[in-house]
Amino acid sequence: MSIKIPFLSKQVKETELEDWDNIPSHVAIIMDGNGRWAQRRGLPRIAGHREGVSTVNRIVKTAVNANVKVLTLYTFSTENWKRPKSEVDFILKLPKEFLHVYLPGLVENNVRVQTIGDFNAVPKHTQDAIEYAMEKTKDNDGLVLNFALNYGSRYEIIHAVKQIVQDTKASELDLEQLDESYFEKYLFTNGLSDPDLLIRTGGEYRLSNFMLWQLAYTEFWFTEKLWPEFDEDTFLQALMEYQQRKRRYGGI
Ligand code: V07
């Protein structure tokens with residue numbers, strides 16, 4: 001059976017998704033290759049980051065229409081501070097730029113904006129823009145759009161451990177209680193299911209300190225496509241291949 005997925009409001013796309021079952025509930029994406037996309041065109045790297053923003057919007061719409069429940073996007077890692085200051089400054093303006101253009105569409109599509117990562121280090125104007133979007137969308141019960149911003153998985157785990165030590169000292173936690181499901185409450189992803197599918201664009205095959213705990217049982221899907229070239233069809237192809245893998249498991 002093929003299904004019709006309307007997206008970009010004006011188009012209707014016939015896809016080869018097998019069925020509505022086994023759509024991954026939580027998809028996480030490492031959006032790599034923006035700088036390279038620009039450099040190949042003789043443009044400054046920042047031009048690639050800006051192009052990447054419109055890809056984010058396209059993929060959010062596709063995720064909504066495919067009935068994905070949670071979409072986690074790795075926008076800025078704790079390692080990205082090592083890049084030239086001008087590039088970092090530019091990248092950290094993108095959340096505000098994105099929300100200025102696309103927040104009304106997110107509200108309209110019942111999307112809830114959320115973040116994981118260490119917020120304190122990002123500029124105040126960026127924090128404000130994101131907090132405004134989170135507040136505006138907090139009652140929406142459609143897609144959870146989870147931006148990993150100034151996120152690093154090892155930092156997240158250390159942060160959790162510190163909190164746990166504090167709570168045991170304050171006698172709010174008995175170490176006997178601590179098991180996997182209790183530990184997870186201390187992670188930034190508390191309340192979210194683990195990703196079912198991880199996508200990495202840009203032809204690199206590594207995790208780059210992304211969701212190390214949460215990806216323990218996740219299916220991985222890689223593409224050579226650079227993030228600005230990643231489109232609806234590529235995303236749906238990833239969902240389709242995920243469904244096929246799931247079906248094979250079912251047969252065993
Ligand atoms: C960023 C564009 C996508 C490619 C990867 C790097 C650059 C969207 C956001 C964003 C973040 C939070 C939010 C709304 C939008 C974003 C950064 C970089 C830092 F609430 N794209 N994008 N944030 N890039």
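The values are calculated or read from the model by the stated rules, or taken from the named source; none is laboratory data. Bear in mind that the values here come from a model prediction, so they are computed numbers and not experimental data. In this analysis, Cβ positions are derived from the backbone assuming ideal geometry, glycine residues included, and neighbour counts consider all displayed protein chains.
A few notes on this one:
- Qualifying residue in segment 202-216 (condition: surrounded by 15 or more Cβ atoms within 10 Å (Cβ to Cβ), farther than 17 Å from Met31 by Cα and out of contact with any Gly (no Cβ under 6 Å at 6 or more places or on another chain)): yes
- Checking each residue of segment 43-60 against the condition of being part of a loop (DSSP other than H, G, I, E, B), surrounded by fewer than 23 Cβ atoms within 10 Å (Cβ to Cβ) and among the charged types (D, E, K, R) gives no match.
- Segment 113-125, residues that are crowded, with 20+ Cβ neighbours inside 10 Å and near the ligand (Cβ under 10 Å from one of its atoms): Val113, Gln114, Thr115, Gly117
- In the set Arg50, Arg36, only one residue is more than 9 Å from the ligand (Cβ to nearest atom), among the basic types (Lys, Arg) and either in contact (Cβ under 8 Å) with a residue 24 or more places away in the chain or closer than 19 Å to Glu224 by Cβ (or both); that residue is Arg36.
- Sole residue being polar (S, T, N, Q), under 17 Å from the mean Cα position of the chain (by Cα) and away from the ligand (no atom under 11 Å from the Cβ), chosen from Asn65, Asn109: Asn65
- No other residue among Ala28, Ala38 is at pLDDT 80 or above and within 23 Å of Gly105 (Cα to Cα) apart from Ala28.
- Scan segment 82-100 for residues that are in a helix (DSSP H, G or I) and either touching a residue at least 40 places away in the same chain (Cβ under 8 Å) or away from the ligand (no atom under 12 Å from the Cβ) (or both) and the total you get is 10.
- When residues of segment 217-239 are limited to those that are among the polar types (S, T, N, Q) and not in a helix (DSSP H, G or I), the one surrounded by the fewest Cβ atoms within 10 Å (Cβ to Cβ): Thr218
- In segment 213-229, the residues that are within 23 Å of Gly152 (Cβ to Cβ) and out of contact with any Lys or Arg (no Cβ under 7 Å at 6 or more places or on another chain): Trp213, Gln214, Leu215, Ala216, Tyr217, Thr218, Phe220, Trp221, Trp227
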